[in-house]
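The values are calculated or read from the model by the stated rules, or taken from the named source; none is laboratory data. Please read all numbers here as calculations on a predicted model, not as lab measurements. Note: ideal-geometry Cβ built from the backbone for every residue, glycine included; neighbour counts use all protein chains shown. Only protein heavy atoms, including side chains, enter the accessible area calculation; ligands, DNA and RNA are left aside. Shrake-Rupley method; radii C 1.70, N 1.55, O 1.52, S 1.80 Å.
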Protein chains: 2
Amino acid sequence: MSETATALVDRMLEGDGRALARLITLVENRTPGVSEVMRRIHGRTGRAYTVGLTGPPGAGKSTLVDRLTVAVRKGGETVGIVAVDPTSPYTGGAVFGDRIRIQAHTLDPGVFIRSMATRGSQGGLARATADVLRLLDAFGLAWVLVETVGVGQTELDVVKLADTTVVVLVPESGDAIQTMKAGLLEAADIFVVNKADREGAQRLLTELRSMVHIHREGQQASRDLDWEVPILATEAANGAGVDELLGAIGRHRAALSAGGRLETRRQARRVRELRTLLLTELRRELDQALGPGGALEPLLQEVEAGRLDPYAAIEAVRERFRVAPPPA
Amino acid sequence: MSETATALVDRMLEGDGRALARLITLVENRTPGVSEVMRRIHGRTGRAYTVGLTGPPGAGKSTLVDRLTVAVRKGGETVGIVAVDPTSPYTGGAVFGDRIRIQAHTLDPGVFIRSMATRGSQGGLARATADVLRLLDAFGLAWVLVETVGVGQTELDVVKLADTTVVVLVPESGDAIQTMKAGLLEAADIFVVNKADREGAQRLLTELRSMVHIHREGQQASRDLDWEVPILATEAANGAGVDELLGAIGRHRAALSAGGRLETRRQARRVRELRTLLLTELRRELDQALGPGGALEPLLQEVEAGRLDPYAAIEAVRERFRVAPPPA
């Protein structure tokens, strides 16, 4: 790790927000030093409680996050906000929303805000977000709210990083419901119908209750927690229902903690993370082996020319892939 | 390879269509013997010319494929048809369409028809399709038409298996155009506006010409072939424009062959295939290493418990991943 990164970590751990911001940039850029930064902060992580909020664009998630932040701050606890927008380029919507927020919380040292937008691969965004959440955790923030736009695979990967996942919909998202991925329903710990004063809110609430009920019946055997997914109505614009949402998050947290399930979930997350990192590493190694001068380049050339069948090639190298145990 | 599979390959290579059908089923089911079947037929592949047709549901691709088949058969050459539907379960639409077709071509021994639908992972479907195309090739069919429904990643992976890719649209697919992935535009060797007697056909043709022109300008430097993507109007239901489409396919084939680009494309395809197979193999090996009794299980447990940071774990095993060259 460069001298600078070491110094940044030390300053960040002492509470320097600007050092934190610069470390996040290192992580976003996938700087080679990231691995050592993360190893260095490891012992300081595991205390923050992470809430993920996801849902279609225009559902009012940002406003809801702001209201939640105000509610948490009333209790004196610190809040980190990460807005992840996989659909927007770096200088797109996320940054704009960010600016509005910074105005609202700019004078509050107990709130740290960061937005992240698409950089390179989508898998990379979820990966970078995981590391950013750990930075905020090590920084000492009590709560981290991570907000994603959309309902695709990347968003799902991101909300899986959270301890409690809130899916936010609006009466207009009736169609989104119809095509809602089973994965999202699976991920939701709490449903929120925001802009609940609008037409169609009651119907959406009813539909969601029915969906959750059917899903719950289907999951009876495999459910790891006795938790009835609440379906809440909010009007983030005027703050209605926000305290109830914070209450539901608190109850979910308590339910997770009581059953030892919070740790189980975090364990599963760490295993997923290890697997992803290992696969990335293997892919990199494979690309090198197939590249110019690589161990598999001659094999690749045989296959490229059609002289060797790909399956025969696999047989030839299969034995070379065995992963040895780490040195004692 | 089991005795049965060996016998099936022998019978298939002698022209037995039922043996071919059974081998396709083995491939679809990812039977362990697939690898050896594919190695055994390798020397007999590389002669069929493969045309991929893709586009949104309802664009009339099946009818177009049928008309193309009739046109090719007039010239006396044999045709294999593979209909891939990633959006449908095994007993869904693809099989229904298949039945209609079988009625039309059932008496023609020069036509072989097979439909494939979602089984397991989507990546697996593209993989299985690649193997099925090789079986049809080894069987000795002169032309293979592979048809996919939809415009997603799986469809894109499938059309990349073809020598010539035809993207089929209808006047109603105006919206699909707006959101058309750059990848699909990149993949298209020929555009077809089917149901060209409907309202909006002229506007779509104009839009496509403009899109293709802009894309072509952008690709000026990197283009590997001097080929102006034709944009054709067809009415598959009454056969209008079908001969012109077959003519355009023939011209594309000639352009590819003349420049040595057909072989270049096929080489690139074989390399992609090798890479995919290697990654699958690595992933399987990794899962085994992380599983019960695996070489990395102790490491995984440390990470799971939070005692070891995932990045530190990666450092510990990085050296174990080196891919050695194949034995001489």
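Summary of values
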{"read-out": "Contacts under 7 angstrom Cβ, first residue in the stretch B:304-328 being at positive phi, partner modelled with pLDDT of 85 or more and open to solvent by less than 60 Å² (accessible area, probe 1.4 Å), 6 or more apart", "value": "B:GLY306/A:GLY46; B:GLY306/A:ARG270"}
{"read-out": "Residues that are open to solvent by less than 20 Å² (accessible area, probe 1.4 Å), aliphatic (A, V, I, L, M) and within 30 Å of B:ASP131 (Cα to Cα), drawn from the stretch B:276-318", "value": "B:LEU277, B:LEU278, B:LEU282, B:LEU286, B:ALA289, B:LEU290"}
{"read-out": "Contacts under 8 angstrom Cβ, first residue in the stretch A:18-47 being closer than 20 Å to A:GLY124 by Cβ and more than 9 Å from chain B (Cβ to nearest Cβ), partner open to solvent by 40 Å² or more (accessible area, probe 1.4 Å) and part of a loop (DSSP other than H, G, I, E, B), 6 or more apart", "value": "A:GLU28/A:ARG119; A:ASN29/A:ARG119; A:ARG30/A:GLY120; A:GLY33/A:MET1; A:GLY33/A:SER2"}
{"read-out": "Count of the stretch A:254-285 residues which are hydrophobic (A, V, I, L, M, F, W, C) and at pLDDT below 85", "value": "1"}
{"read-out": "Members of the stretch A:172-208 that are over 22 Å from A:GLU228 (Cα atoms), at pLDDT 90 or above and not charged (D, E, K, R)", "value": "A:GLY200"}
{"read-out": "Any pair with Cβ under 8 angstrom, 6 or more apart, that starts in the stretch A:214-232 at a residue that is over 29 Å from A:ALA196 (Cα atoms) and ends at one that is assigned to a helix (DSSP H, G or I) and at pLDDT 75 or above", "value": "A:ARG223/A:ARG216; A:ASP224/A:ARG261; A:ASP224/A:THR264"}
{"read-out": "Some residue of the stretch B:113-131 being open to solvent by less than 10 Å² (accessible area, probe 1.4 Å), at pLDDT below 80, touching a Phe, Trp or Tyr at 6+ places or on another chain (Cβ under 8 Å) and under 14 Å from B:GLU28 (Cβ atoms)", "value": "yes"}
{"read-out": "Total residues in the stretch B:1-17, condition more than 14 Å from chain A (Cβ to nearest Cβ) and part of a loop (DSSP other than H, G, I, E, B)", "value": "4"}
{"read-out": "Test: residue in the stretch B:13-28 that is of a type in the set (Val, Ile, Thr) and open to solvent by 30 Å² or more (accessible area, probe 1.4 Å)", "value": "yes"}
{"read-out": "Search result, residues across the stretch A:43-66 that are on the phi < 0 side of the Ramachandran plot, out of contact with any helix residue (DSSP H, G or I) (no Cβ under 7 Å at 6 or more places or on another chain) and open to solvent by 30 Å² or more (accessible area, probe 1.4 Å)", "value": "A:GLY43, A:PRO57, A:THR63"}
{"read-out": "Selected residue (only one of B:ARG198, B:ARG269 is under 19 Å from B:ALA48 (Cβ atoms) and touching a residue at least 12 places away in the same chain (Cβ under 8 Å))", "value": "B:ARG269"}
{"read-out": "Residues within the stretch A:262-274 that are open to solvent by 70 Å² or more (accessible area, probe 1.4 Å) and within 12 Å of A:ARG127 (Cβ to Cβ), tallied", "value": "1"}
{"read-out": "Elements of type helices (runs of 4 or more DSSP H) contained in the stretch B:261-323, each with 3 or more residues being more than 7 Å from every other protein chain (Cβ to nearest Cβ)", "value": "B:261-290, B:297-304"}
{"read-out": "Criterion: away from chain B (no Cβ under 12 Å) and open to solvent by 50 Å² or more (accessible area, probe 1.4 Å) - qualifying residue of A:ALA236, A:ALA248, A:ALA258", "value": "A:ALA258"}
{"read-out": "Residue in the stretch B:97-106 that is of a type in the set (A, V, I, L, M), at pLDDT 65 or above and touching a helix residue (DSSP H, G or I) at 6+ places or on another chain (Cβ under 7 Å) present", "value": "no"}
{"read-out": "Flag for A:THR31 being more than 24 Å from B:GLY306 (Cβ to Cβ) and part of a loop (DSSP other than H, G, I, E, B)", "value": "yes"}
